[in-house]
Amino acid sequence: MRARLVLVSIFAVSLFALPAAGQERLIDVNVFGTWVDSSGDSALEFGDDINDAGDVDFDSDQGYGASVNVFWSNRISTEFALSVVDPDLNVNSPSRGRIVFTEPLEMMPLTAVLQFHLLGSSRFDPYVGVGGGYILFQDIEDENDLDDIDFERIDFEDDIGLVVNAGFRLGVTENFGIYLDGKYMPLETTATPVFTGGPDQEVDIAINPLILAAGISFSF
């Protein structure tokens, strides 16, 4: 909760920040569609039988988002971005030879990235960046869908981690452009399946989302 409040506060303060004088761009506002591929996986046990375990993986999915980019100079900026996506979480049981559970998992990545713009104030604006990210997860609580694996619900812990970033903006006019962006977040979260009978189980699940975004950009 504390990390979430810090990120939201930084995002709000950035809207009123005063960038360096003498530069051509002060603030970019970007609106985009996203494609998210979560390359990580993990495993969990369905009960006391160690041979009855399931592989956990995620489908890629499309979503949407927005960002604010505050320029401190023609080459340095800080981008604050928010995305929303619902990839399917799949639990595969090798012992049963099938997928035993599929459910959308709502993810909301928030990122704060320090960017270096390679060509300064050029209309073609490639950049690289590094920063931090915080992913909010919605718990899975549909008991009807969870009956087949004897879970009451699956709780996910929100997580924070590193973000590496690259992309470019192509200016169409002085104040309007096309925005293409990629972010990679190597991180893990903790999932806690709550069994209908028996003790709970904590599982570390690698997420490692690759977030690709394409949209439009407005400069002020």
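Six or more apart or on different chains, Cβ under 6 Å: which pairs go from a residue in the range 201-215 that's assigned to a strand (DSSP E or B) to one that's surrounded by 17 or more Cβ atoms within 10 Å (Cβ to Cβ) and of a type in the set (Val, Ile, Thr)? Could you list them?
Filtered contacts from the range 201-215: Ile205/Val56; Ile205/Thr189; Pro209/Val36; Ile211/Thr34; Ile211/Val36; Ala213/Thr34.
Please give the strands (runs of 3 or more DSSP E) falling wholly within the range 1-119 in which 2 or more residues are modelled with pLDDT of 95 or more.
27-38, 61-71, 76-85, 107-117
Please verify whether Pro186 is modelled with pLDDT of 70 or more, over 20 Å from Pro104 (Cα atoms) and assigned to a loop (DSSP other than H, G, I, E, B), treating the condition exactly as stated.
Yes; evaluated as a whole, the condition is true for this residue.
Can you name the number of the only condition in (1) crowded, with 18+ Cβ neighbours inside 10 Å; (2) at pLDDT 95 or above that Ile207 fails?
(2)
What are the pairs with Cβ atoms under 9 angstrom where one residue, in the range 162-175, is part of a loop (DSSP other than H, G, I, E, B) and the other, located anywhere, is surrounded by 13 or more Cβ atoms within 10 Å (Cβ to Cβ) and hydroxyl-bearing (Ser, Thr, Tyr)? Sequence gap at least six, or different chains.
Glu174/Ser219; Asn175/Ser219
The values are calculated or read from the model by the stated rules, or taken from the named source; none is laboratory data. Please read all numbers here as calculations on a predicted model, not as lab measurements. Here Cβ is always computed from backbone atoms with ideal geometry, including for glycine, and neighbour counts include all displayed protein chains.
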